[in-house]
Amino acid sequence: LDPATLPWPMGAWMAPAAAQSAGLHGTAAALAAAICERAYRFWDARSHTHGHTLPGISCEFWPPDGRCGGEGYGWGAFTAHLLLHVILGLAPDQNVLRLRPNLPVQWRGAGERYGVRLQWRERIITIELVPAQSGVLVRANRQSAEVMWGDELVYRLEDL
């Protein structure tokens, strides 16, 4: 799949979800990352470019040329789903938290660190991903594990 053909949220939702369901986690992450990079490059621009949306305004339409479309409302926030669910691989389920770290290859550089701090029920959870030579070091609160990219980790809520 070519991420440039996924400018609308529904396609950008279905394509990575289908890739995940097929076990193609790297493909899902690459699609999600390309869409997020494209959207945020225009939303976070430091100055306005003629023919593009105003910086700081999220859109519901993310074409490769950056002119965007629609207005800044709910679908613009969908990239948070792509970042958390597809790239980080975060999937809370009853009393367990599933995590499948899946950063795209271009984000896995030596010395890079990625993290998120969120609340799940009454717990504050901090997750950090540190690319390593043979995979990724994952820290979830007090627990650490080194796994291969795309491997699933399962944490019980009471252990976090």
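Descriptive notes on the structure:
- Surface share of carbon and sulfur [accessible, 1.4 angstrom probe, percent] for the chain: 54 percent
- Note on the chain: the C-alpha convex hull projects to 10.1 nm² when averaged across all orientations.
- Separation of the stretch 91-140 and the stretch 1-71, taken as the distance between their Cα centroids, equals 22 angstrom.
- Magnitude of the charge dipole for the stretch 93-149, about its Cα centre and with charges confined to Cβ atoms of Lys, Arg (+1) and Asp, Glu (-1), is about 120 debye.
- Per residue value of the accessible surface for the stretch 93-149 (all protein chains in place, 1.4 Å probe), Å²: 61 Å²
- Eigen-decomposition of the gyration tensor built on the alpha-carbon atoms of the stretch 1-45 gives equivalent ellipsoid semi-axes of 20, 10, 7 angstrom, largest listed first.
- Extent of the stretch 1-87 along its three principal axes (Cα atoms, max minus min coordinate, largest first): 40, 22, 19 Å.
- In the chain, the longest principal axis of the Cα atoms and the axis of helix 25-43 are about 50 degrees apart.
- Relative contact order for the chain: 17 percent, from Cα pairs under 8 Å spaced at least 6 residues apart, divided by residue count.
- The orientation-averaged projection of the convex hull spanning the C-alpha atoms of the stretch 100-160 amounts to 4.1 square nanometres.
- Across the options G51, M148, Y114, the greatest Cα extent toward the positive end of the charge dipole of the chain (unit charges at beta carbon of Lys, Arg, Asp, Glu) belongs to Y114.
- Å² per residue, accessible surface of the stretch 1-87 at 1.4 Å: 51 Å²
The values are calculated or read from the model by the stated rules, or taken from the named source; none is laboratory data. What you see is a predicted model; the values in this text were computed from it and never measured. Note that each Cβ is placed from the backbone with ideal geometry, even for glycine, and that neighbours are counted across all protein chains shown. Ligands, DNA and RNA are stripped out before the accessible areas are found, and what is left, the full protein with its side chains, is counted by its heavy atoms. Shrake-Rupley method; radii C 1.70, N 1.55, O 1.52, S 1.80 Å.
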